[in-house]
Structure formats: C-alpha cells, structure tokens
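Since the structure comes first, as structure tokens, the remarks are kept for the end.
Laboratory data are not the source of any read-out in this text; all were calculated from the coordinates shown. None of the values given here were measured: they were computed from a predicted structure. So basically every Cβ, Gly included, is an ideal-geometry build from the backbone, and we count neighbours across all protein chains shown.
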C-alpha cells in the first residue's frame, strides 16, 4: 500500500485529541489515513442516531407536527444511514439498529419538541438552525499549500435558551451520571464549538446544552449538561489548539519518525488502540495490509454523536 | 399480545423494505408504531430471560439424589 505523507487541510477535535493522546496515532490515523476493518460500531450507531434526530427536528420545526409521521421518517432516515456502513443491524446486542431507533424515540419522549424549552433559531431563509457544518480558518498555515488550516466541525442545533443563544449537542453513552455531566466542564469539543459559533454569526454565544441518552441492555436513560464558556476559556483553548498544531507541524517537517508513540494509557484506553498491533512490530509499514485500509477522515460527515468509547 | 421477538421481526422486516430499492418505503407511522411496540416489550423480555436461568442454590442436594 502506498502511504501518502501529507498534512491534513482541516483539523477537528477528534484529530486534536488523537494528537494529544498519542502522536503515532495521529500519524497513522490522520496523516496516513489508515483505518482498521469495518467502521466503529459506536460511530455507526452515533451517525444513524444523529441522522434520525436531524430529520425529526427538520420535519417538526418545518411544520410537520404529526408525531408518528415525523418520528417514523426519522427512523427510516436512520435505517438508511446505518446501512451505508454496516450490513448487520444486530451485530452488537446493545448498540444495535433497533436500539438506535428506540433511542431516537426515547430522546423525543424525554425532550418532546412540542413543549421543549430549547428551540432552534432561524437561518436567514427562515429554515431552522439544525445540523450544519463549519470550516473556519485559523492562524496555522498548511506546510505544502500555504493556505490557512481550517478548524471544522458540525453543529447539531443553535437554539434559543431562555432568551440567550445556545448550541445543543446530542450524545449517546453507555453510562450517564454525575461524572458524565461534570465531564463536559473543560471539554475541548464544546469550547471549540462555542468559538466556532461566535465566529459564525452568534457573537454572544456562551452556552452549550449537551443532551445524552444512554443505551443500556434493557432500557434507556438520559442526562443533560449545561455548559458555559467565558472569553478566557475560549482564548485558552485557542492557544492550546495552536500549540498542538505547532507540535504537529514541527513533527511533520521532521518526518514520520518524529511522531512518537505514547506507549502508555493511549495504548489501552477504551478497549485498546486500533493501531497497537502496528506499534508492536519492528517494521510496522510491512504489516499494514491486509488488516488496515486507506480512508480519509471527513470531519464534516455526520458522526458527531459520540460516547466515551468513540474517542478512540 | 405479540412478543418481543415478534416485534423485533417486524422491525427487521420494515428495515428490509426500507433498503429494498424495488419497493416503496413503508409508511412512517407504521415504522414508528413498530419501533415503539418493540421497545415497550424490551425490558419485559430481558426480565423473563433472566428469570428463566436456573439457579443452583443447594449444590449438595444434586449429589444426594
């Protein structure tokens, strides 16, 4: 397999956290774009769930208030989204397609749109501000094209929160509780979203509402976290992002060997790093095939609904 | 009253119809009702399954027979 050594044109939170966890993981996943086997069950589940929520919200806030109709359309959209990636809908007993559809219904039973205190804002054309992407230039420069590197992501919803602007983000999780709620306090994804929202026409944005649904063997659960980001939080995050990018670019200029492996927590976190079997070989390049294939991580694709295991 | 397994089969059949490019999509309300019915019986099925697992409380009694 030919390995193309090129620096990504766009960076997102997944890539930044990969770099932060292990430089080798960043090299293999986001410079060489290698992926092992089928897509992650967690990402497929999250993508189908996100698609279902998007369709339900667009239908409802677009004027379709027939619950069975808009939730049925949401389920049909989730089925189609799932099938693009994995054939077997029951591969995983908990994170199965039927449970994904159930989680979509559960989300709107928990936070029914008909009297939700969080309602989407309107775009200039009158459409609701639901599911849209951002790609914003930052100060770092791409080493080959000399263009600004982009920071990218996908918003689930911009909403009115008691008269203030807020962004809403949906998550699925295997467990919810105080640690899940408090875990968002310093989360870089949320801070990056608030920064991006401020740059995208919502200068007063400070608040993020994160709504989580847990997928358990016999039931669903839910939790909600309300997060605020001050100017200092955002400025600090921006500096850290550029410090990380500085490190990535320096390593890139030196060559692949400069991306050092973690040989620590990142190797065993969340069930084990997918690249562990390569790092365990003297000449890892020779072991890429047949277990790994080339892919390009698309930071703008629907895959934003993640749980703690997705941070692999 | 249909069982959890029957509701599951219904959802799987509807999925097949959604993915079959030769057939029109099922009515959204039918999909909604099938998913809702499936999840209304999910916990019930799991509890029955757990109750059906034999528990040996007195191992000695087995050897005494």
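Observations on the structure shown:
- Max mean-square fluctuation residue, GNM over chain A, Cα-Cα springs under 10 Å, options A:146, A:262, A:96: A:146
- Calculated P(r) of the protein assembly as shown - Cα pairs past 35 Å, %: 33 percent
- The value for region A:55-147 of Rg(Cα) / (2.2 N^0.38 Å) is 1.46.
- Projecting label points 7 angstrom from Cα along Cα→Cβ for residue A:64 and residue B:5 puts them 3.5 nm apart.
- Calculated FRET efficiency for the pair residue A:2/residue A:228, C-beta based, R₀ 45 Å, to 0.05: 0.45
- In this simple spin-label approximation, residue A:235 and residue B:20 carry label points 7 Å from Cα along the Cα→Cβ vector, and these lie 6.3 nm apart.
- Solvent-free Debye calculation, one equal scatterer per alpha-carbon of region A:1-160: log10 I(q)/I(0) at 0.08, 0.16 Å⁻¹ equals -0.33, -1.05.
- GNM flexibility winner over chain A from A:191, A:14, A:260 (Cα, springs under 10 Å): A:260
- CD proxy at 222 nm, helix term only [per DSSP H run n ≥ 4: -39500 (n - 2.57); per residue of chain A; nearest 500]: -11000 deg cm²/dmol
- Max mean-square fluctuation residue, GNM over chain A, Cα-Cα springs under 10 Å, options A:165, A:227, A:265: A:265
- When the Cα convex hull of region A:228-275 is projected onto planes of every orientation, the mean area is 5.0 nm².
- In chain A, the longest principal axis of the Cα atoms and the axis of helix A:67-83 are about 20 degrees apart.
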